[in-house]
Amino acid sequence: MIRLVMACICLAMGPVMAQTDNSIGAGGRPVDAPWSRSPVYGANGMAATAHPLASQVAIDILKEGGTAVDAAIAANAALGLMEPTGNGIGGDLFAIVWDPKTEQLYGLNASGRSPKGRSYDDLIAALDGADAIPPLGYLPVSVPGAVDGWFELHDKFGKLSMRKNLAPAISYAEDGHPVSPVIAHYFDRNFEAFEARQEQITEFDNARATYFKDGPPRVGEMFKNPDLARTYRLIARKGRDAFYKGEIAKTIDAYMKRIGGDILYEDFATHKSEWVDVGCVDYRGYGLCELPPNGQGFAALQMANILKNVDLTQWPRGSAEVLHYITEAKRLAFEDVAKFYADPDFYDPPLDWMLSDAYGQERFALIDPDKAMTDPMAGAPKLEEAGDTTYLTVADKDGMMVSLIQSNYRGMGSGLVPDGLGFMLQDRGELFSLDPDHPNVYAPGKRPFHTIIPAFVMKDGKPLMSFGLMGGSMQPQGHVQVLINIVDYGMNLQEAGDAARLNHNGGRSATGGAFDPLGVLNVEPGISQDTIMGLEQKGHVVRVVEDGIMFGGYQAIMRDPETGVYSGATEMRKDGLAIGY
């Protein structure tokens, strides 16, 4: 269901309202922005994922008569094999689905919970004086929610059998697929991190045998995962219970007992996903829609609520003024994230107040147009390092659109691969706070604060765009930057994702601990030197980052409300591809 905080003002997609600064990219084209490429168009369906073969899998499922949800599940299963550096069935899942039959948005929170048998005191004792939960080993492992998420989505919106949906991934797992460049790079990074901190992992032989038998897989190397193929076959034959009550759950239980871990069979057997109301706010006539906590999606809504109080089009998109306002809005919104965002089963955050126009105006009034705030604070009701994630979106001929994000969190996950299963368990539990007075404090059977967020845009009560990007606290920042690019600056779907981005790090976090109140404003090389100097004059600490890793990985689909034709986009920061038909 759509939970509109403010009704949308009905405006048509308009022309460019202000000149876009060409310094935000580089290259050359005969049409449109010289630093971008064409969106992909298709009348019958569209898929955009972080791997070309996964996008093709989704299109094949659509052509076989599957719904957008069937295709999204198939693509996600393929990505768990092809992009294990970003996701897998050892992790969690969130999704927003537009259903054309009921003409509603549906939100799914398929995130897992901490061990029921481990108390706060047990955790503190196991940390042995450490002031944070480590990223590796069994302590950060929470129950994987992705598979339950697949079946919740399939039961509600699927048409093909799960056997058919998982068949392409099974085939690729058995026969192999060539490793793509960005994923090979992430394999290298993960292997180095695992090697450097093996003492935290408890057991690494299984992960080494599954992913790094001869070292990190190289670009173009054929990669196989027969253990994952067997796991997928079991899920395809026996359904979700195979994972949560059957052989897979029992295997994980035995593995955890062998290595001294505490996620056990009961934690799997009692797991469930939750259908949630989607929250939306108006941004200049467009409804930006996100999922509520325990994720950080509402941070994007809070940023949009702040930024709609200033006409950004009076300046070029790549100017210091625009980047300053985006950064300050982010800093204000993330102070609220740090204070209020947690599992709503354990804490009731003041969401209506945080998403109100009045509060957006109140927060906007704190922004000095000429000077960065020295120490923004959370509001009073009257993040994290970048994680590795995959985002995908699929749309079908009937108008169903799926915005889906899935992750193991930091890197490939905990480093733990249960015996013979072919996937790594997530380390999402690292994001619990240890502060006993914080809403996000660790507790048994609790969902940790989450970074992964799918997004959606509505227009005049109709679905316009399913989109998202990857990378920890970059995600809400990226959602808002893409929205600004399209709504304020008239960029097409591809340009909006290719344009150079900012990623502010700093401020308080939902996990507590030390913080830098000013933080660092990271920008991509497409941001001009004049803009950087202007930001520094306003008091920002600016760092130019060239490798693109911290700036996300964008996928999007837009539906023309008049013709029903889809356009799709991916970006150069990942290996992905948009395919239509």
So which residues in the range 122-161 are under 30 Å from Trp98 (Cβ atoms) and small (Gly, Ala, Ser)? Ser142, Gly145, Ala146, Gly149, Gly158, Ser161
State which residue is surrounded by the most Cβ atoms within 10 Å (Cβ to Cβ) when the search covers only the range 167-202 and only residues that are out of contact with any Leu (no Cβ under 9 Å at 6 or more places or on another chain) and in a loop (DSSP other than H, G, I, E, B). Val179
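Within the range 170-203, track down each residue that is more than 16 Å from Pro84 (Cα to Cα) and not basic (Lys, Arg).
Scanning the range 170-203 gives Ser171, Asp175, Glu195, Ala196, Gln198, Glu199, Gln200, Ile201, Thr202, Glu203.
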Condition check for Glu524: among the acidic types (Asp, Glu), crowded, with 21+ Cβ neighbours inside 10 Å, touching an Asp or Glu at 6+ places or on another chain (Cβ under 8 Å) and under 30 Å from Ile183 (Cβ atoms): no
The range 479-499, residues that are part of a loop (DSSP other than H, G, I, E, B) and surrounded by 24 or more Cβ atoms within 10 Å (Cβ to Cβ): Ala499
Do we find that Phe551 is surrounded by 23 or more Cβ atoms within 10 Å (Cβ to Cβ) and among the aromatic types (Phe, Trp, Tyr) in this structure? yes
Here is a check on your reading of the model: is Gly471 assigned by TED's automatic domain parsing to the domain that holds Thr327, buried (at least 24 other Cβ atoms within 10 Å of the Cβ) and at positive phi? yes
Every residue in the range 357-367 that is touching a helix residue (DSSP H, G or I) at 6+ places or on another chain (Cβ under 8 Å) and assigned to a loop (DSSP other than H, G, I, E, B), please. Leu366, Ile367
Every residue in the range 493-507 that is over 17 Å from Met550 (Cα atoms) and of a type in the set (Asp, Glu), please. Glu495
Just checking, how many residues over the range 270-294 are within 24 Å of Glu362 (Cβ to Cβ) and in contact with a His (Cβ under 6 Å, 6 or more places away or on another chain)? 0
Is at least one residue of the range 406-415 assigned by TED's automatic domain parsing to the domain that holds Glu174, at pLDDT 95 or above and more than 16 Å from the chain's Cα centre (by Cα)? yes
I want to confirm something. Restricting to the range 152-166 and keeping residues that are in a helix (DSSP H, G or I) and of a type in the set (Lys, Arg), which single residue is surrounded by the most Cβ atoms within 10 Å (Cβ to Cβ)? Lys164
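The values are calculated or read from the model by the stated rules, or taken from the named source; none is laboratory data. What you are looking at is a predicted structure, and each value in this text was computed from that prediction instead of being measured. Ideal geometry is used to build each Cβ from the backbone, glycine not excepted, and the neighbour counts take in all protein chains shown.
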